[in-house]
There are 4 protein chains.
Amino acid sequence: MGKIDENKTQKKQRLMETSFQLFLEKGISRTTISDIAAQAGVAKGTFYLYFKDKYDLQEKLIAHKAKQLIQHALANSFYETRTGADEKVIAIIDDILDELQKDKKLLKFINKNLSWGIFRRALSRSELDPIPIFAGILDVPADDPSLEVVVYMIIELVSATAHNIILESDPVTFNDFKPWLYRSILAIIHECLGTA
Amino acid sequence: MGKIDENKTQKKQRLMETSFQLFLEKGISRTTISDIAAQAGVAKGTFYLYFKDKYDLQEKLIAHKAKQLIQHALANSFYETRTGADEKVIAIIDDILDELQKDKKLLKFINKNLSWGIFRRALSRSELDPIPIFAGILDVPADDPSLEVVVYMIIELVSATAHNIILESDPVTFNDFKPWLYRSILAIIHECLGTA
Amino acid sequence: MGKIDENKTQKKQRLMETSFQLFLEKGISRTTISDIAAQAGVAKGTFYLYFKDKYDLQEKLIAHKAKQLIQHALANSFYETRTGADEKVIAIIDDILDELQKDKKLLKFINKNLSWGIFRRALSRSELDPIPIFAGILDVPADDPSLEVVVYMIIELVSATAHNIILESDPVTFNDFKPWLYRSILAIIHECLGTA
Amino acid sequence: MGKIDENKTQKKQRLMETSFQLFLEKGISRTTISDIAAQAGVAKGTFYLYFKDKYDLQEKLIAHKAKQLIQHALANSFYETRTGADEKVIAIIDDILDELQKDKKLLKFINKNLSWGIFRRALSRSELDPIPIFAGILDVPADDPSLEVVVYMIIELVSATAHNIILESDPVTFNDFKPWLYRSILAIIHECLGTA
DNA sequence: TATGAATGAGGGTTCATTCAT
DNA sequence: CATGAATGAACCCTCATTCAT
């Protein structure tokens, strides 16, 4: 039955890829199940064999894409082994922001829909869980209670500010904004975690 | 005629209040014009005499509610005249967060829909424009280019983190979170504006 | 009370002129009473003081405009006193067609809505009644029973063919069509009225 | 599956028949999609599976009905093989007019909505295309440039005059009108095509 | 006479979901 | 598993008409 299972997985994946493209192009509410099915080359009814509804699929997509972003950033920062803790943190965030600036539709999609809850659910207990990663970089015990708060604040600050800055260049442009953001992030870390 | 104009103002206000309640209860996309009109006790067509569509009304509501929040916070901070700059900033934010915690539906509504653009449009050129207010408190020239960036970051940080913290108590509870937030805000201010 | 009556007539006339412009621009069904009233600078309710509804006004307008066309044509043909009967008939039709080609919106408006009934009602018993006019030109008694039929056929033929020819140049262009039309008209006259 | 396709054809046909009845009874603009669907015993949405909108349906109906008329007339004229060209032309037109007089609602519907453009689109390239038919009858090459003009004029003359004559008996009754019309048609043919 | 705010029936259209095939 | 025709509730919005002022 390998073939059938393959076929099943193929259809599901094609539905996911297709719907992601459509969500980016037209927004979620303006993308219909018909659109997705037609684009994926399956019948409308088939959609319901794999997903409960549009929003079931949406959450899975967001988690998947957030994962990819972080994976990319971590892979890149991996090569900067000689630099200090601060530089590593900034390198990771810098990579993510650059990716988002290159792919503004992805930024729009993620930002409008990402919540801390989905984010944690998607990453925790994986090798991408940001808490232990930051713990390692900042040389702090992973169960330090302030660590999670700091990570939470940094992620929210970055994600909340990135949206307007990248998409609207308001109140300042992306490049003008970066130094202030990075200085602020480091200030938060130093203030709350006391790492030099 | 005074009577007619009164009536018009009343209708508009009733429509706004009604729709705010409905937006909170059911979410914007699930609230229909029919709902709003019926609840407000006017005919469907009457809605269109006052608003272009649902989203016109929505933007006006957000602006209105954000204004109220800030007005409240400023009024309260007014009585703390003896305290220093840092204390005043925190007092204002503290008041806003307390208001939001008391009225979680308002928090949900504002957070889901507030954007820096709408925010600035609603407040700029009014006595509530946050830039000159912060300039006054922090004793910085209102046209200092870094000021707007800092205000932007603080507002985004507060609004982005408040959502999860107040509504989900995740990753920590509101009360546990406050000190970290305030320390971070002050760290940002000191780092970027260099005020003691 | 002359002033008040003047005022009344002024408003009515302004409504007629305005609505004619709007009918030409947007078509009758897409022109609303609101449009007309706004454009004429009166309140919506005022419209109903002068007209029963849109279609009441429409019929009056058509009659009025058809009258103008014919008046223009007759006035022009008046100067061609030396020519024969055939030439006079053609001259009149030629003038009307030229007017319509210059004012295609008028053509559209009249053609879509003109009926023989409205036409006769508008013109009969006036100095523009086509029956006695043609009787004079063709030197036939005005009560010749075949005269009315011939006039009817000619008017319908001209008005029905003009529409497509002028607006769509289909099946041939206006200039290519004219000779055939005029030869046909004369053929009908000669065949049915036996005038040399 | 044959069953499904049959069902589809049935539904489409039922929608067309139903809407034709309704258009006749109430006029097109006063007939709603709801009416049509309800009368046809299908859901409103089903309408949109088969037609883009009311006017898509309308055009198809007109074309269909015009086709039927002509088919009927040609079939009848077929039996008059011994008569000359003039007699054949008149026989065809006579048949069409008789059909229209029997079915005045059809006359109303067609006349109000038929345009040369729709007519040609509906018939050209079919065995009902009037140009080659007349070419055959009148013994003229089908690409004679004057032929199309003459056919155009005849069709417009017949269709424009038929309306008032049949529906209003104005300016004369149907039976009184016929001879004049036929003499005129033949006069046009002889004048413009020079066939004896 | 004149106004214009208010009405509300009704229009066209969309689309998530079902179910017989 | 897969299909896609059929559904019909629900939506937004328009606009002729009324009537209190």
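Bear in mind these aren't lab numbers, they're just calculated from the coordinates by the rules spelled out. These figures come from a predicted structure and were not determined experimentally. So basically every Cβ, Gly included, is an ideal-geometry build from the backbone, and we count neighbours across all protein chains shown.
Odds and ends about this structure:
- Per principal axis, descending, Cα span of the stretch D:111-158 in whole Å: 33, 22, 16
- A simple spin-label model places pseudo-atoms 7 Å from Cα toward Cβ; at C:ASP176 and C:ASP139 they are separated by 3.8 nm.
- Largest-first ellipsoid semi-axes for the stretch B:84-166, taking √(5λ) over the Cα gyration tensor eigenvalues, angstrom: 22, 15, 11
- Each of A:ALA85, A:GLN68, A:LEU97 was placed along the dipole of the stretch A:44-108 (beta-carbon charges, centred on the mean Cα), and the one lying farthest toward the positive end is A:GLN68.
- For the stretch D:5-66, the gyration tensor built on C-alpha atoms gives an oblate shape. Its axis ratio a/c (a ≥ b ≥ c) is at least 1.5, and a/b is not larger than b/c.
- For chain B, the longest principal axis of the alpha carbon atoms and the long axis of helix B:145-168 meet at an angle near 70°.
- With a cut-off of 18 Å on the backbone N, the residues of the stretch D:155-196 near the modelled label site 7 Å out from D:THR83 along Cα-Cβ are D:155, D:158, D:175-190, D:196.
- Cα gyration tensor shape for the stretch B:36-77, rounded if a/c is under 1.5, else prolate or oblate: prolate
- Rounded to the nearest 20 debye, dipole of the stretch B:1-128 from Cβ charges on Lys, Arg, Asp, Glu: 640 debye
- At 7 Å out from Cα toward Cβ: B:GLU17 inter-copy label distances (nm, ascending): 4.9, 5.6, 5.9
- Global geometry of the protein assembly as shown, whether rounded, prolate or oblate, following the gyration tensor of its Cα atoms and the 1.5 cut on a/c: prolate
- Cα-projected label distance for A:ASN111 with B:SER126, points at 7 Å along beta-carbon direction, nm: 2.4 nm
- Ascending distances from the C:ASN175 label point to its copies in the other chains, with the point 7 Å along the Cα-to-beta-carbon line: 4.9, 6.1, 9.3 nm.
- At R0 = 35 Å, FRET efficiency that the Cβ-Cβ distance of D:ILE33 and D:ASN76 yields, to 0.05: 0.40
- Point-to-point label distance, C:TYR55-D:ASP56, nm (Cα→Cβ direction, 7 Å offset): 2.8 nm
- Magnitude of the charge dipole for the stretch A:93-196, about its Cα centre and with charges confined to Cβ atoms of Lys, Arg (+1) and Asp, Glu (-1), is about 460 debye.
- Loop-located chymotrypsin sites (Phe, Trp or Tyr not before Pro) in the stretch C:45-132 whose Cβ has at most 11 other Cβ within 10 Å (DSSP): C:PHE78, C:TYR79
- Check: the protein assembly as shown dipole with +1 on Lys, Arg Cβ and -1 on Asp, Glu Cβ, in debye: 2140 debye
- Normalised by the number of residues in chain C, the average gap of Cα pairs under 8 Å and 6 or more apart makes the relative contact order 16 percent.
- Around D:ALA135: net Lys/Arg minus Asp/Glu count, Cβ-Cβ under 9 Å: -3
- Degrees separating the helix C:54-77 axis from the principal Cα axis of chain C, which is the longest one: 40 degrees
- Counting only Cα atoms, the size of the stretch C:1-146 along its three principal axes is 54, 36, 29 Å, in decreasing order.
- The stretch D:51-97 and the stretch A:79-133: distance between their alpha carbon centers, rounded to Å: 73 Å
- Computed [θ] at 222 nm, deg cm²/dmol, chain A (DSSP H ≥ 4; -39,500 (n - 2.57); rounded to nearest 500): -25500 deg cm²/dmol
- Plainly put, the tip 7 Å out from Cα toward Cβ on B:GLY45 is 1.5, 3.0, 4.5 nm from that tip on each other copy, the closest given first.
- Among chain B residues, the one whose Cβ is nearest the axis of the rotation from B to D, given with its distance rounded to whole Å, is B:SER34, 9.
- Out-of-range pairs (alpha-carbon distance over 21 Å; input A:LYS67/A:LYS102; D:LYS3/D:LYS60; A:LYS60/B:LYS104): D:LYS3/D:LYS60; A:LYS60/B:LYS104
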